Structure formats: C-alpha cells, structure tokens
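Just below is one structure, and these are the notes that go with it.
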Amino acid sequence: MDPRVQPLAAILRLNTRLLLNCLEGLSDEMARVRHATGVNSATFIAAHVTDSRYFLLQTLGSALENPLSRFLDKAKTIDEVRTWPSLDTVRGAWKDVSAALDTLEPEGARNSTKGLGLYKFVESENEKALNKAKKDLDNFKSISGSSYQEDQTGEPTMADELVVPEMKKVPQDLSGYVTFLHPWMNEVVSQFVLMLMFWIMAFCTLIALKIKDLR
C-alpha cells in the first residue's frame with residue numbers, strides 16, 4: 001500500500017469496527033432517542049455516516065445500491081426524516097459498503113478481493129480466465145477431427161493458428177514509471193510547490209488587507 005494513504009486506510013478500518021461497537025446492545029427505540037434539543041439520535045448518525053460511505057464508493061465508480069437512500073434522500077435534517085430504517089438495516093448497509101471499500105494492495109484487503117487486494121485479485125481472475133480459455137481450446141482441437149491435427153507436410157495447420165496469447169502482467173518493478181504527469185514533479189517538489197502556493201496566497205491576502213486599511 002502507498003505509505004501516503006496507510007493512515008487513512010487504518011482510520012477507515014478502525015471506524016468500521018467502532019460504529020458497530022457503538023450500536024451494539026441498542027434497540028431501535030433506544031437508538032432513535034434524542035437526548036437533548038439539537039442533538040441527533042444514534043440511528044440518524046449511523047445512517048448518515050453509512051450514507052457518506054456509499055457516496056464515497058459511488059465517487060470511486062461503484063454501482064453498489066444504497067439501501068438507505070429511500071430513508072434519507074429527501075431529508076436534509078433529522079426533523080425531515082419521515083421513515084426510519086431499523087438498526088439491522090443500518091448495520092447491514094454499513095457492513096456491505098465497508099466490504100466494498102477494498103484496498104488495492106493485499107494489506108488490509110477484504111472479502112471482495114479475497115484478501116488479495118484489487119491488483120492481485122484482477123490478475124488472479126485473468127489467469128483463471130486464460131487457463132480456462134487454453135483448456136477449452138485444447139478440448140476443441142481434440143474433438144474437431146483431422147483438420148486440426150498436425151500437418152505431415154510441415155505446412156501451418158489451423159491448430160497452429162488457434163493459440164491463446166499469453167497475458168501481460170504489470171511488472172513488479174515499477175521504478176521506471178512515475179505517478180506524476182509532469183516529468184519534473186515528484187513527491188518532494190510537489191509538496192514544496194504546494195507550500196509555495198500557500199505562502200504566496202497568504203502574502204497576497206496580507207497586501208489586500210493592508211490596502212483596504214489604507215483606504
């Protein structure tokens with residue numbers, strides 16, 4: 001896993017467990033109680049956080065359906081919620097969306113990629129499909145008769161032309177590749193440029209405020 005996102009992944013996994021722990025032992029009636037004016041209920045908070053994870057997942061391109069949409073879509077505040085989901089519904093939605101937010105690398109990978117991470121999982125699935133295609137082709141050749149057998153004259157046969165190409169894999173060593181579009185950029189320079197932009201913006205803000213005071 002990219003070390004820059006490891007803390008975020010750890011927080012994501014920790015919060016997945018924490019929410020379920022917070023809801024443990026609560027009944028639907030207890031979870032809907034608002035203990036003070038302006039305070040949200042446990043059900044509303046849990047549903048809202050779960051809905052946020054579905055939004056994150058959809059932003060990443062997933063089409064996983066959000067079962068809480070029919071409860072929350074038309075409600076901007078807790079007072080506008082007309083029908084409440086049960087805690088079991090919220091828990092189930094939370095587990096589903098959390099399982100779908102899987103990792104690219106094996107570290108922290110969940111059931112949706114069988115613990116392999118997205119990269120290795122896709123590679124594994126491709127290898128299975130390739131091996132199946134090779135097996136199917138061999139079976140096809142064996143039952144298709146003499147027209148697919150080796151030609152004694154040495155001429156290429158149809159069997160020679162029916163070949164499953166080898167699958168290309170992403171190399172393990174990616175040191176020759178970059179993650180930045182501009183060839184001059186790297187992690188250090190990128191952070192320096194961002195800091196420079198910040199200080200330029202702060203300096204310009206101070207100048208604008210000074211000019212305003214002079215007027």
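Just so it is clear, none of the values below were taken in a lab; they were calculated from the coordinates. Nothing here was measured: the structure is a model prediction, and the numbers come from that model. No Cβ is skipped: glycine too gets one built from the backbone with ideal geometry, and neighbour counts run over all protein chains shown.
Observations, loosely collected:
- With θ taken as phi - 60° and the Karplus curve 6.51 cos²θ - 1.76 cosθ + 1.60 applied, the whole-hertz 3J(HN,Hα) list for segment 11-20 is 5, 4, 5, 5, 5, 4, 6, 5, 4, 5 Hz, x standing for glycine and proline.
- Packing rank of 70-81, 195-206, where each peptide gets the mean count of other beta carbons within 10 Å, highest leading: 70-81, 195-206
- Cross-link pairs beyond the 19 Å C-alpha cut-off, checked among LYS95/LYS128; LYS141/LYS168; LYS132/LYS168; LYS120/LYS169; LYS95/LYS120: LYS95/LYS128; LYS141/LYS168; LYS95/LYS120
- Across segment 122-127, computed HN-Hα scalar couplings (Karplus, 6.51 cos²θ - 1.76 cosθ + 1.60, θ = phi - 60°) run 5, 4, 5, 5, 5, 5 Hz from first to last residue, x flagging Gly and Pro.
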